[in-house]
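Notes follow the structure.
Throughout, read-outs are computed from the coordinates displayed, never taken from laboratory work. None of these values were measured; they are calculated from a predicted model. As a convention, Cβ positions derive from the backbone with ideal geometry for all residues, glycine included, and neighbour counts pool all protein chains shown.
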Amino acid sequence: MNPLWSYLLTAVGVTGLLLAGRMKRTGWLVGLGAQFLWAAYAAATQQYGFLISSFIYGYVYATNYLTWRRAHQRNETPA
């Protein structure tokens with residue numbers, strides 16, 4: 001497996017967190033999208049434990065995005 005995967009997964013994940021920390025909607029969506037990359041990585045390397053984590057992280061990113069969206073529609077900042 002090409003080590004470029006490690007750098008790509010790290011870059012995408014950190015970018016999502018930075019954007020989310022700056023209250024940008026795209027941060028949660030980038031993080032959610034990164035989970036598809038993690039799932040591909042898990043399948044390619046046959047490290048299926050990463051599939052479990054990608055589903056869990058995906059759920060957390062989706063839930064946080066929905067919370068952010070609801071608060072943003074009410075012009076509130078989520079706690």
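Relative to the first principal axis of the alpha-carbon coordinates of the chain, what is the inclination of helix 25-45, with its axis defined by its Cα atoms, in degrees from 0 to 90 and to the nearest 10?
On a 0 to 90 degree scale, this one is about 20.
For the chain, what's the relative contact order in percent, using C-alpha pairs closer than 8 Å and at least 6 residues apart?
Over the chain, the number comes to 24 percent.
Give me the number: length gained by fully extending M1 to T26, i.e. 0.36 nm times residue separation minus the C-alpha to C-alpha distance, one decimal in nm.
Full extension of this stretch gives 6.1 nm more.
By how many degrees, 0 to 90 and rounded to 10, does the Cα axis of helix 49-73 deviate from the longest principal axis of the chain?
That helix lies at roughly 20 degrees to the long axis.
So for the pair N75, I56, with labels modelled 7 Å out along Cα→Cβ, what separation do we get in nm?
In this crude spin-label approximation the distance works out to 4.0 nm.
Points 7 angstrom from Cα along the Cβ direction at L17 and T67: gap in nanometres?
Between L17 and T67, the simple spin-label model gives 1.7 nm.
Among the chymotrypsin sites (Phe, Trp or Tyr not before Pro) within the chain, which fall in a DSSP loop and have no more than 16 other Cβ atoms within 10 Å of their own Cβ?
Taking the chain and a limit of 16 other Cβ atoms within 10 Å, the loop chymotrypsin sites (Phe, Trp or Tyr not before Pro) found are Y48.
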